[in-house]
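The next block holds one structure in the form of structure tokens; read it before the comments.
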Amino acid sequence: MPMEMWDIYDEHMNKTGKTMERDNWNMQPGEYHVSVLGVVQRPDKKYLITQRKMDKPWGAGWWEFPGGAVRAGEEPEAAVRREVAEETGLDVSKADGGYLFTYHRENPGKGDNYFVDVYRFFLDVKEEDLHLQTEETDGWMFATKEQIAAFTENADLQVEKNNKAAGTRARKAALELSKLLKDFRKVSVEEAKK
């Protein structure tokens, strides 16, 4: 199987014409790769989150929204549809919603700078509609904002019980999910005002 390739982008999120092998973190300062997140929201205002496999090199055991890297030659919107379909079996191509916002991270000295395009899709999903990619996920749930926020409390409890690895993983996942939900609320309010 050929190695998956990713485009390298500049600080303005323009393709540079260079590519990199997946997970080969040798980017130079000012170089980025792009990932996507696909937030699936049901009419009951619950969000689909999945749990990463414990054998993953990054974020093992974390709860997250479906997503992944944009492949070389692929546009972010096509990538988010592909990633959601691969990880959950859901087709969001005809769902209401779409692009929300972009955030980025810079990891000086690690060669891993990235942008993340976040999309939200409104979809009436039932349990039987899900077909998880077992190589990527260990579980799933339809979570309320409150349940997602509870991950932070649970993480703190895990640390108190000296289960520091589980607590750290859960806290990081909960903080990321909580931040994204705050950003969603802000974007939703702005959209409602239009």
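The values are calculated or read from the model by the stated rules, or taken from the named source; none is laboratory data. All values reported here derive from a predicted model rather than from experimental measurement. Every residue, glycine as well, gets a Cβ built from its backbone with ideal geometry; the counts of neighbours run over all protein chains shown. The area values use the complete protein model at the heavy-atom level, side chains included, leaving out ligands, DNA and RNA. Shrake-Rupley method; radii C 1.70, N 1.55, O 1.52, S 1.80 Å.
Against the condition under 26 Å from VAL34 (Cα atoms), surrounded by 12 or more Cβ atoms within 10 Å (Cβ to Cβ), at pLDDT 75 or above and of a type in the set (S, T, N, Q), how does GLN133 come out, does it pass? So GLN133 fits the description; yes. When region 110-127 is filtered for residues that are part of a strand (DSSP E or B) and open to solvent by 40 Å² or more (accessible area, probe 1.4 Å), the ones remaining, listed by number, are TYR114, PHE122. The residues of region 90-109 that are assigned to a loop (DSSP other than H, G, I, E, B) and out of contact with any Phe, Trp or Tyr (no Cβ under 6 Å at 6 or more places or on another chain), listed by number, are LEU90, ASP91, SER93, LYS94, GLU106, ASN107, PRO108, GLY109.
Scanning region 78-109 for residues that are open to solvent by 30 Å² or more (accessible area, probe 1.4 Å), without any contact (Cβ under 8 Å) to a residue 40 or more places away in the chain and at positive phi turns up just one, GLY109. Selection of region 61-73 for residues being in a strand (DSSP E or B) and open to solvent by 40 Å² or more (accessible area, probe 1.4 Å) yields only TRP63.
Out of the residues in region 8-60 meeting the condition of being in contact with an Asp or Glu (Cβ under 8 Å, 6 or more places away or on another chain) and among the acidic types (Asp, Glu), tell me which one is most open to solvent (accessible area, probe 1.4 Å). That would be GLU21.
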